[in-house]
Each structure stands twice: as structure tokens, then as C-alpha cells.
1. With springs only between Cα atoms under 10 Å apart, run a GNM on the chain and tell me which of GLY24, GLY55, GLY81 wobbles the most.
2. If you compute Cα Rg over 2.2 N^0.38 Å for the structure shown, which of (1) 1.09; (2) 1.23; (3) 1.72 do you land on?
3. What is the spin-label model distance, in nm, from ARG17 to MET90 if the labels are put 7 Å beyond Cα along the C-beta direction?
4. Place a label point 7 angstrom from the Cα of GLU123 along the Cα-to-Cβ direction, then list the residues of segment 90-105 whose backbone nitrogen is under 15 Å away.
5. What is the angle, in °, between the Cα long axis of helix 78-87 and the longest principal axis of the Cα atoms in the chain? Nearest 10 is fine, range 0 to 90.
6. Amide H neighbours of HIS49 under 5 Å, counting only residues 5+ apart in sequence or on other chains, H built in-plane at 1.01 Å?
7. Once the piece of chain linking VAL70 and ILE26 is laid out straight, how much longer is it, given 0.36 nm per residue of separation minus the C-alpha distance between them?
8. Can you give me the relative contact order of the chain as a percent, contacts being Cα pairs under 8 Å and 6 or more apart?
Amino acid sequence: PSPPRCPVRGCRKDHSRHKCRRCGKINDHLTRDCMKCLVKGCKTKHKQHYCRLSGDKDSKHWAKDCPKAVTLYHQTSIAAGQAIASGRNMQPGTGGLVGGGIYFAATEQETNRKAHHRGCMIEARVYLGKIK
């Protein structure tokens, strides 16, 4: 008798049962063709998960869990804090110790020394990019 042929198109192995190593489905597809996202909780059918924070095209994490990000703090006025919260967007200032930008601190207490405006504390996950 001839050896069993795999029912999955493209598989060259002689077996009657094919299991995807990514999603666990039997006799459905090759692992390289699997559309199950590896990010826990992601329901989208795609091979690659894009991290909006770091820009990684094949990440295995959500942006909120990005290992390339750190939690930093920014203090500003209540009015500016409300504007940031409603639009989820921060605008760089025109001045500062080293010029215009958005200044963050490693702790809430450090913002007291750096902030020009006070009243609203923002905790943010920040991707620092390439640090020299």
C-alpha cells in the first residue's frame, strides 16, 4: 500500500494528519499560511501584528505592552490636560531647557522641577526610539 498523503495543499510530508503549529487546526493549512495573530487577545485575522508605538511590523505585543516603551510623566495646566485628554494629542511647546518639545520626567515628583504649568499630571507610555 502507498503511504498516506497529507490532505493539506503544499505539504510534502507523508502523513494523514497535519496540525498547524500556530493555531492547532488539523488538516486545514500549512503553518506558514496561518492567519492567526500571535498577539494574545487579537481577533484580527492577519499574519503580522503592527505595533503602533514602536512601528514593529511583526510584533508579538499590543502597543500598550510594548517592551520598547517606558512610562513617563508630564505635568501641565488643567486646561491643557483637558485638551490632551479630549484629543489624545500633545503639541510641542516653543521653549524649554533645550528648545521646543514635549518634556517628560521619570517620576511624578521630577515634573515639579521641570513643569512651567501645574495642575494636571499625565502618565504616558513613550517610545524613545534610538537612544545614542
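1. In this elastic network of the chain, the residue with the biggest mean-square fluctuation among GLY24, GLY55, GLY81 is GLY24.
2. Recomputing Cα Rg over 2.2 N^0.38 Å here gives the entry labelled (3).
3. The two pseudo-label positions are separated by 5.4 nm.
4. The answer is 105, whose backbone nitrogens lie closer than 15 Å to the label point.
5. Compared with the principal axis, the helix lies near 20 degrees.
6. SER59
7. Details: separation 44, 0.36 × 44 = 15.84 nm, distance 4.04 nm.
Here the answer is 11.8 nm.
8. Working: 200 pairs, mean separation 24.5, N = 132.
Once normalised by length, the contact order is 19 percent.
Each reported figure results from applying straightforward, stated rules to the coordinates on display, with no laboratory input. For clarity, every value in this text was computed on a predicted model and none was experimentally measured. We place every Cβ from the backbone using ideal geometry, glycine too, and count neighbours over all the protein chains shown.
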